[in-house]
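Notes to accompany the following structure.
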Amino acid sequence: MKNYFSFRLGAILILMISLIFTACSDPKRAVTQDASRPALSITGELEAENHVKIAPPSISRMWNYSIKQLVSENTHVEKGDLIVAFDDKPVRDRLVEKKSELAQARSELKNTVRKVEQTAKDDVLSVEEKRAEFDKAERRAAIIDQSLSKNERLKSAIDFEIATNDLALARALADLHKKSGKLEVSLAERKVDTLSAEVDLLQKQVDRLKVHAPIGGLVQYIPNWQGEKPSQGESVRFGQPVVLLSDLSRMQLRAQADEVDRSSLALGAPVDVVVDSAQGKTLTGRIAELGRVVRDRSNNDRRRVIDLLVAIDGGDEVSLKPGMTATLNLTDVTQELAVEPGGSE
């Protein structure tokens, strides 16, 4: 019995000594082993940092656009080059119609101005004629001659009153013609201005149907919801992008990370980017954007993910194109959760 208790006491002492040695060992190393995580790999898709989607322009009374001319896919274009031209016949027909209306409105304006000017001249002559009659009647009414009969003097007074009224009426009619003439000319000018603006707008719309490259870069066709790429002669609806124009000088990787990996990601963190179609060429980059909202991967995939964007360093030695798949690797995902007291040795 005594030997049994001695054996148990010895076992307890050995266990206590083992725990003491474990506690006195390097805590930093122990925590590092617990905090170590496997390398994180995320698959994404390459895109150009500077890219533009070309879609049909907004044209009044147009919803379907027929592609008249389209630059070849996978070609490099310079800024200002023609990318796509849409059929402008509907707009040109309206332009011809408006130009005809504008020519007629300008002719009407000239006739209106000529008519108003002639009316003004006639009014000047009428006022001068009535003024002459007024002066004559005034002189006759001012003559005091006892040889004139009472009826003759009464007639002179009546003639003077009539001449006075006629002169006032001629002047009032001239003012009325002047005001109405200005109104007629103003209306005709406004009609010309309105039609001129419509013609200018239609001409601009005709020019806008020829879409030129806002930037230089690579041309790629954008398929529709059925996966069909655009081609010359086909029609597209307003708002449907046709061409993706990408400046390949700077590329970036857009990807989605699982929510559980959120703690391993940080803005500015360095990553390795392995391009699948570039013989496994590895590029370097950093996390430039990190989404703050967790969302579903898709309507059919309820896995929770966050969006992230990786800026790629260089890459000129590799032929990169938008749409290529690549894998970003975060090898440095080990985190030290504790620091050895007293600092490093």
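The values are calculated or read from the model by the stated rules, or taken from the named source; none is laboratory data. Every value quoted in this text rests on a predicted model; they were computed, and no experiment measured them. All Cβ positions, even for glycine, are placed from backbone atoms using ideal geometry, and neighbour counts span all protein chains on display.
All conditions but one from (1) buried (at least 18 other Cβ atoms within 10 Å of the Cβ); (2) under 23 Å from the mean Cα position of the chain (by Cα) apply to Ala137; the one that does not is (2). Can we say Leu265 is of a type in the set (A, V, I, L, M, F, W, C), under 29 Å from Leu218 (Cβ atoms) and assigned by TED's automatic domain parsing to the domain that holds Lys79? Spelling it out, it is not the case that Leu265 is of a type in the set (A, V, I, L, M, F, W, C), under 29 Å from Leu218 (Cβ atoms) and assigned by TED's automatic domain parsing to the domain that holds Lys79.
The lone criterion from (1) part of a helix (DSSP H, G or I); (2) over 40 Å from the mean Cα position of the chain (by Cα) left unmet by Glu189 is number (2). For beta carbons closer than 8 Å, sequence separation of 6+ or different chains, a first residue in region 169-194 that is without any contact (Cβ under 8 Å) to a residue 60 or more places away in the chain and a second that is exposed (fewer than 13 other Cβ atoms within 10 Å of the Cβ), the qualifying pairs are Ala174/Val124.
When you check Leu109 against the structure, is it within 28 Å of the chain's Cα centre (by Cα), in the same structural domain as Ser180 (by TED's automatic domain parsing), of a type in the set (A, V, I, L, M) and modelled with pLDDT of 95 or more, yes or no? So Leu109 does not fit the description; no. Criterion first (among the basic types (Lys, Arg), at negative phi and within 28 Å of the chain's Cα centre (by Cα)) does Lys179 satisfy it? When the stated conditions are applied, Lys179 does not pass them. Those strands (runs of 3 or more DSSP E) of region 194-277 in which at least 3 residues are surrounded by 17 or more Cβ atoms within 10 Å (Cβ to Cβ) and β-branched (Val, Ile, Thr), considering only elements entirely within it, cover 270-275.
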